[in-house]
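Take a look at the structure set out below.
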């Protein structure tokens with residue numbers, strides 16, 4: 001729970017096979033933290049990969065791309 005905080009720096013994700021977050025999750029994370037560090041672990045907590053959200057979602061679309069009226 002973030003309790004209203006919206007500036008994220010790092011997220012750790014634990015999935016079978018140490019998978020990456022899905023595309024929809026990547027986009028939601030992008031809305032809050034385009035420079036997010038993503039740590040992927042297996043269910044035992046062993047780090048299998050570290051990357052950035054920008055590498056997982058290149059050329060992404062964010063709030064700064066919306067036209068302000």
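None of the figures in this text is laboratory data; all of them are computed from the coordinates on show. As the structure is a computational prediction, the values presented were derived from the model and not from experiment. Reconstructed Cβ throughout: ideal geometry from the backbone, glycine too, with neighbour counts over all protein chains shown.
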Exactly one of (1) touching a residue at least 24 places away in the same chain (Cβ under 8 Å); (2) exposed (fewer than 13 other Cβ atoms within 10 Å of the Cβ); (3) within 17 Å of residue 11 (Cβ to Cβ) is unmet by residue 53. Its number?
(2)
Could you check, for the range 5-25, whether at least one of its residues is exposed (fewer than 14 other Cβ atoms within 10 Å of the Cβ), in contact with a helix residue (DSSP H, G or I) (Cβ under 7 Å, 6 or more places away or on another chain) and not in a strand (DSSP E or B)?
yes
Taking residue 48 as meeting all but one of (1) part of a loop (DSSP other than H, G, I, E, B); (2) more than 15 Å from the chain's Cα centre (by Cα); (3) surrounded by 12 or more Cβ atoms within 10 Å (Cβ to Cβ), write down the number of the exception.
(1)
